[in-house]
Amino acid sequence: MKNTNNRSSEDYLEAILLLSRELEYVHRIDIARRMGVSQPAVQKAIKLLIDGGYITTDGMHIYLTEAGKTYAEAVYNRHCTIRTFLVLHGVNEADADNDACELEHVISQATFEMMSRYVSENGK
């Protein structure tokens, strides 16, 4: 879960999850705009996510599979927990969000569990 390829896949899955909560249909251009990447980069990621069984597409719209939704929600939960942990320790919201984007991919499960316990006990 910590290599660059998985990190990229996790970022795409998280973006698709959040877009699917905001929009009726998710399109490649929506993902490109949200992530600040080119459409060819999105197309490459889409192929990898389809091959991994995380998304499906009808040619125009992108849908998370059950496995993709579960994985994306776990990544997003990790992000939110880390962000909250950092905010509870005095980091401003913007920096906490940016740092959570980085940390969600590299911290150990033990560290994440400690953060999660702390947020549960002290969170907002």
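Kindly provide the set of residues from segment 28-68 that are in a helix (DSSP H, G or I), charged (D, E, K, R) and out of contact with any strand residue (DSSP E or B) (no Cβ under 9 Å at 6 or more places or on another chain), ordered by number. Answer for segment 28-68, where residues must be in a helix (DSSP H, G or I), charged (D, E, K, R) and out of contact with any strand residue (DSSP E or B) (no Cβ under 9 Å at 6 or more places or on another chain): R33, R34, K44, K47, D51, E66. Among residues of segment 7-34 that are on the phi > 0 side of the Ramachandran plot and of a type outside the set (V, I, T), none has a Cβ under 9 angstrom from a residue that is in a helix (DSSP H, G or I) and open to solvent by less than 30 Å² (accessible area, probe 1.4 Å) at a sequence gap of 6+ or on a separate chain. Considering each of V75, V106, V119, V87 in turn, give the residue that is of a type in the set (V, I, T) and closer than 19 Å to R21 by Cβ. Going through V75, V106, V119, V87 in turn, just one is of a type in the set (V, I, T) and closer than 19 Å to R21 by Cβ: V75.
Considering segment 1-45, and only residues there that are among the β-branched types (V, I, T) and buried (at least 18 other Cβ atoms within 10 Å of the Cβ), the residue that is farthest from A72 (Cα to Cα) turns out to be V42. Does D95 qualify as being surrounded by fewer than 17 Cβ atoms within 10 Å (Cβ to Cβ), out of contact with any helix residue (DSSP H, G or I) (no Cβ under 8 Å at 6 or more places or on another chain) and at pLDDT 95 or above? Here the answer is no, as D95 does not meet what is asked. Checking each residue in segment 67-85 for being among the β-branched types (V, I, T) and either open to solvent by less than 50 Å² (accessible area, probe 1.4 Å) or touching a Ser or Thr at 6+ places or on another chain (Cβ under 6 Å) (or both) picks out V75, T81, I82, T84.
Working carefully through the options L49, L64, L88, find the one that is free of Cβ contacts under 8 Å to residues at least 40 places away in the same chain and surrounded by 15 or more Cβ atoms within 10 Å (Cβ to Cβ).
Values: L49 fails: free of Cβ contacts under 8 Å to residues at least 40 places away in the same chain; L64 fails: free of Cβ contacts under 8 Å to residues at least 40 places away in the same chain.
L88 is the lone residue from the list that is free of Cβ contacts under 8 Å to residues at least 40 places away in the same chain and surrounded by 15 or more Cβ atoms within 10 Å (Cβ to Cβ).
The values are calculated or read from the model by the stated rules, or taken from the named source; none is laboratory data. Only a predicted model underlies this, so the values are computations on that prediction, with no experimental measurement involved. Methodologically, a virtual Cβ is constructed for each residue, glycine included, from the backbone with ideal geometry; neighbour enumeration extends over all protein chains shown. Quick note on the areas: whole protein, heavy atoms, side chains included, nothing else; ligands and nucleic acids left out. Shrake-Rupley method; radii C 1.70, N 1.55, O 1.52, S 1.80 Å.
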